[in-house]
Amino acid sequence: MSFEFDDWAHFQFNFDPYRSGHSAPSKVREIWQGEIDWMHANVEGGIATITMHPQVIGRGHRIAMLEQIIIHYLTEGDVSFARMGDVARSLGA
């Protein structure tokens with residue numbers, strides 16, 4: 001788990017001045033997609049874990065951003081999506 005891949009740190013308001021929240025979905029897409037694009041090109045068999053909280057990601061403009069990311073990776077042809085528990089079981093964890 002990495003805070004860069006957690007929707008809470010980007011979108012949820014926090015009084016701590018270091019994590020103010022309310023980022024634009026386009027900024028989060030740039031971060032998430034850029035990290036995954038790099039991994040896809042450079043790490044064979046890599047796994048990206050994105051943490052999403054329904055009460056945070058579940059806003060229309062944020063869901064639209066997530067849909068754009070999914071469509072981007074579905075066009076790659078060799079990227080798949082899975083629940084973390086299923087991945088752990090497949091790796092024998």
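The values are calculated or read from the model by the stated rules, or taken from the named source; none is laboratory data. Everything quoted here is computed from the prediction, not taken from an experiment. Positions of Cβ are generated from backbone atoms using ideal geometry, with glycine treated the same way; all protein chains shown enter the neighbour counts.
Data table
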item	result
Every residue from the stretch 71-93 that is among the polar types (S, T, N, Q) and more than 15 Å from residue 39 (Cβ to Cβ)	75, 90
Looking only at the stretch 60-93, and only at residues there that are under 15 Å from the mean Cα position of the chain (by Cα) and part of a loop (DSSP other than H, G, I, E, B), the one that is surrounded by the most Cβ atoms within 10 Å (Cβ to Cβ)	79
Cross-chain or 6+ apart pairs with Cβ under 7 Å, the stretch 56-84 first and touching a residue at least 24 places away in the same chain (Cβ under 8 Å) and more than 20 Å from residue 13 (Cβ to Cβ), then in a helix (DSSP H, G or I) and of a type outside the set (A, V, I, L, M)	68/29; 69/29; 69/32; 69/33; 72/33; 76/40; 79/40; 79/73
Count - residues of the stretch 27-42 that are loosely packed, with under 11 Cβ neighbours inside 10 Å and aliphatic (A, V, I, L, M)	1
Count of the stretch 32-59 residues which are in a helix (DSSP H, G or I) and within 25 Å of residue 91 (Cα to Cα)	10
Filter result (of a type in the set (Ser, Thr, Tyr) and either at pLDDT 90 or above or in contact with a helix residue (DSSP H, G or I) (Cβ under 9 Å, 6 or more places away or on another chain) (or both)) within the stretch 17-69	23, 26, 49, 51
The lone exception for residue 28 - which of (1) of a type in the set (Val, Ile, Thr); (2) assigned to a helix (DSSP H, G or I); (3) closer than 23 Å to residue 87 by Cα; (4) in contact (Cβ under 8 Å) with a residue 24 or more places away in the chain it fails	(3)
